[in-house]
Amino acid sequence: MKIKTKVIVVFLVSSLGLVGIIGLINIYQSNKIIRNEVEEKLFYLAQSHGNRIDQSLEKVNQMGNHFSTSIINLTDLDRIQKDKEYFLNYKRNEMDNLVKNFARLDDTFGAYFYFNPNLLGEAHDVWYRKTETGTYKKQPEAPKEYYSRSYPWNHIQGKYSNVNMDWYYEPIDKGRAVWSDLYGDWVDDSVRTLSYTKAVYKDNTLLGVAGMDINFNKIRKAIEKIEVYDNGYAFLLDKDYNFLVHPEYSKYEKLDNLVNEKVFKHLSENKNGILNYSLGGPKLVVAYTELLNGWTLCVAVPREEIFAERFQLIYLIGGLIIISGFIALLLSHLLKDKIFNPVEKAVGYCQQVAEGDFSFTIDENFLNRKDEVGDLAKGLKSIKANLQDMIQDLKDKNQRLKKVSIIDQLTGIYNRRKLESILEELREQTLRYNKEFAIIILDLDHFSDINDNFGHLEGDHVLEKVASLIQENIREVDSCGRWGGEEFLIICPEVGLEDSYKLATRLRKLISEADFSPVPKVTASFGVASYLKGDEIDTIIERADKGLYKAKELGRNREETIQEKMGEL
């Protein structure tokens, strides 16, 4: 073979091989970019919706604790044991009103208190539940035999029954408040219920068990409405990883029967994360997060859908390989300096694209050529622009998603997740530099009346205006956000109790004097607390909550503070 022919063959093979390698590198990097962006988006989606459910659960948690405290304060233990007539009046009046008021809270489906049958020698309870018409109806009392752990519930109950009154005995056995498993009740087993229950003691004597009910249908509908790409979906697992909500699988099926041991082990050992597995169909990318009551919320999307954009990149890169190979074939017959130099430059451009470097500008002389080299330059320019646009679009979507994950969609201010992050950072700075800070929790008074009388749309307008009033009247270094429902939290760095109390007073007056037409008047109650040495985030929030409840009990539309440590009250 002649030297010239050898050079042509070697040049042709080398050029095609180099372009192919560059194309494979581009495909690999594009896959990596898309996979990372999608997994991060799914993770934030699971966290965001999980946080919304947790906010509702946390509110019921707080109300359940407040419910138990109210029962203790209301009950004269010695008198109800000695005077049955007094007990019956107390149950019919004070206890009936207390349970009914807690049953009417926005996030609850009902409330109940079951007296310890051993305390009085007979069974008594007060239970209110929301009806289909929106009213609250007192439910029939359970007979004493139902309290027996050996009672044959399986013979009279349906599929969802909480056998042996676990919701009653579990908080007693464990010595703490618990979230029940999903169950039906002895009155209407078709209603699936989640309960937060707490054993109530006074003077070391068990008074009974208090509970707050959540209608599971509300949670299920919220999960079914979650949009995940075009063909994705959300689903919910209980503590034992049985399906509670899923478009295909029912409550009788368990996740560990459908996935391998490695996947199930990762899920059970980590409270949140990303997994890739199949449930008998296409391979899925699944982001999951554990909820406050131990359930797991998952969002899933078919893997083939999230890589649809990858094929666009493959087509572009394939076009680059074909064009480059065609040009290499022509150039192999034109071994001259004016040919080799442009090809070397084109290869350099391809390498920069493969490395993710788009800072270069293609030489105008290169672009203006009227031959195949010019066509290659124009193709490279188009590919560069398309890749830049696609990567920038992915980054923009990610930025928007991150913003959504920290901003409350209704009011436009921070959400609870962001506020908790700010509090953690501020506490670390306080410990390091010995500075002070304070928090203010405010809750709109009688907000449910606004929704009932003027509609939820006007209620949303009230929340939006209150958020604007707060944002416009605090310092730039302060942070405010929606803590949940009609509650707002303000974080005030480098100020103590006195200054934060003055700010609460000023905000309260601004809200009470503002025009919320057609709502005639809106007021708010405030709880204020400042950091004390040794405080955890939970303890300072708990003091502010106590101040808020104190303001509510003293007539609302006021600000109160309880500054002592909770253990010293």
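Some observations on this one:
- Contour excess over end-to-end distance, with Cα ends at D230 and L497 and 0.36 nm allotted per residue: 91.0 nm
- Trypsin sites (Lys or Arg not before Pro) restricted to DSSP loop in the range 221-309 with at most 15 other C-beta within 10 Å: K225, K239, K251, K271
- From largest to smallest, the equivalent ellipsoid semi-axes obtained for the range 416-568 from the alpha-carbon gyration tensor read 27, 16, 13 Å.
- Amide H contacts under 5 Å for Y201, placed H, 5+ residues apart: L207
- Sorting I537, I219 by the number of Cβ atoms found within 10 Å of their own Cβ, with the fewest placed first, yields I537, I219.
- Taking label positions 7 Å along the Cα-Cβ direction at both K174 and N386, the computed distance is 5.6 nm, reported to one decimal.
- Whether the range 417-460 is rounded, prolate or oblate, judged on the alpha carbon gyration tensor where a/c under 1.5 counts as rounded: prolate
- Paramagnetic reach from L119 (point 7 Å along Cα→Cβ, amide N under 14 Å) across the range 32-73: 68-73
- Net charge over other residues, Cβ less than 13 angstrom from the Cβ of W179 (K, R count +1; D, E count -1): -4
- Partners for K198 among aspartates and glutamates (Cα-Cα distance below 17 Å; same-chain residues under 8 apart left out): E58, D125, D166, E170, D173, D181, D213
- Under the simplified labelling scheme, the E364-Q352 pair shows an inter-label distance of 1.7 nm, with each label point 7 Å from Cα along Cα→Cβ.
- Where a label projected 7 Å from the Cα of H456 along Cα→Cβ would reach, residues of the range 202-228 with amide N under 18 Å: 214-227
- Using a cutoff of 8 angstrom between alpha carbon atoms and counting only pairs six or more residues apart, the relative contact order for the range 416-568 works out to 27 percent.
- D_trans [Stokes-Einstein, Kirkwood Rh over alpha-carbon pairs] for the range 406-504, 25 °C, 0.890 mPa s, µm² s⁻¹: 171 µm²/s
- Efficiency of FRET from Cβ geometry, I537 and D76, R₀ 30 Å, rounded to 0.05: 0.25
- Here r is the Cβ-Cβ distance between K137 and E85 and R0 is 22 Å; the resulting FRET efficiency, rounded to 0.05, is 0.25.
- Karplus-derived HN-Hα couplings along the range 90-101 (A = 6.51, B = -1.76, C = 1.60, θ = phi - 60°), whole Hz, x at Gly and Pro: 4, 5, 5, 10, 4, 5, 4, 5, 4, 5, 4, 5
- Charge context of L255, other residues only, Cβ under 15 angstrom, K/R +1, D/E -1: -3
- Ranked V519, V285, criterion: other C-beta atoms within 10 Å, fewest first: V519, V285
- Between the C-alpha center of the range 236-252 and that of the range 502-553 there is a gap of 40 Å.
- Set K138/K202; K509/K550; K218/K550; K239/K271; K59/K502 screened for pairs whose C-alpha atoms are more than 22 Å apart: K138/K202; K218/K550; K59/K502
- The order of Y433, Y44, Y112, going from fewest to most other C-beta atoms within 10 Å of their C-beta, is Y433, Y44, Y112.
- Theoretical FRET efficiency, 1/(1+(r/R0)^6), r = Cβ-Cβ of L554 and E513, R0 22 Å, to 0.05: 0.60
None of the figures in this text is laboratory data; all of them are computed from the coordinates on show. All figures in this text were calculated on a predicted structure; none of them were measured in a lab. Using ideal geometry, Cβ is built from the backbone for each residue, glycine included, and neighbour counts are taken over all protein chains shown.
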